[in-house]
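See structure below.
The values are calculated or read from the model by the stated rules, or taken from the named source; none is laboratory data. Predicted, not measured: the structure shown is a model, and the values here were computed from it. Here the Cβ positions follow ideal geometry from the backbone for every residue, glycine too, while neighbour counts run over all protein chains shown.
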Amino acid sequence: MRFNPPPNWPPAPPGWTPPPDWRPDPSWPPMPPGWPLWVPDAPRSKTGLIIGAIAVTLLIGVGVVVAVVVSSSDSTDITVARSTTSSVAKPEPTDEDLVRDVVDQFEQAWNDEDFAALTALFCEDMRNDPDFSRSALREVRDTGGELLLKITSLDVDGKSATATILNHGEEPDDIAFVREDGDWKWCES
């Protein structure tokens, strides 16, 4: 039961219950005849209960689906189907793809200042050059900054390739690549 103030009376604060000896202020207008000061509480909303029931139903449904998928993945029919789809071989990358990968790896290693990875991308002639050293690479990296490379043309001819590469969209540079022990290497002269 809740207190129900009549019209023209000040509203009662939420949850306020008059004490047993309470009397209305005499300056307030009279109550309409038959006005109930106490009324039953409004019925509680069942929205929370309904949402909870829906959530439980959905969780049960998800559990059933997971159980079916897990149990059916153990069957031989599905295993055979999966093995045939997974046996489809990806096409071998072309020499052009492999040279482009070297350029991407070079840019990443340079920008990360990973000189060990960078050195692994260089051809034997560059690694054996007396002017080649970690300190020389560090100096060039410090003055040159980060790279943003883009290949504008690429010509592969057997075990060698030449790529015209832009850095930050400027300064085209022709870079040579050679295949050593089956891998393409950056071989700038």
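For the stretch 88-132, enumerate the residues that are among the β-branched types (Val, Ile, Thr) and closer than 19 Å to Ser160 by Cβ. Break it down stepwise before answering.
Looking only at the stretch 88-132, we keep the residues that are among the β-branched types (Val, Ile, Thr), and these are 88, 94, 99, 102-103, 119.
Matches in the stretch 88-132: Thr94, Val99, Val102, Val103.
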Only one residue in Trp28, Trp22 is on the phi < 0 side of the Ramachandran plot and surrounded by 11 or more Cβ atoms within 10 Å (Cβ to Cβ), so which one is that? Trp28
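Out of the stretch 12-50, which residues are among the hydrophobic types (A, V, I, L, M, F, W, C) and closer than 11 Å to Arg2 by Cβ? Give the steps one after another, and end with the answer.
First, the residues of the stretch 12-50 that are among the hydrophobic types (A, V, I, L, M, F, W, C): 12, 16, 22, 28, 31, 35, 37-39, 42, 49-50.
Residues satisfying the conditions are Ala12, Trp16, Leu37, Trp38, Val39, Ala42.
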Check off (1) at pLDDT below 75; (2) surrounded by 10 or more Cβ atoms within 10 Å (Cβ to Cβ) for Phe115 and give me the number that stays unchecked. (1)
If I filter the stretch 137-159 for residues that are over 14 Å from Arg100 (Cβ atoms), part of a strand (DSSP E or B) and either within 35 Å of the chain's Cα centre (by Cα) or not β-branched (Val, Ile, Thr) (or both), do I get at least one hit? yes
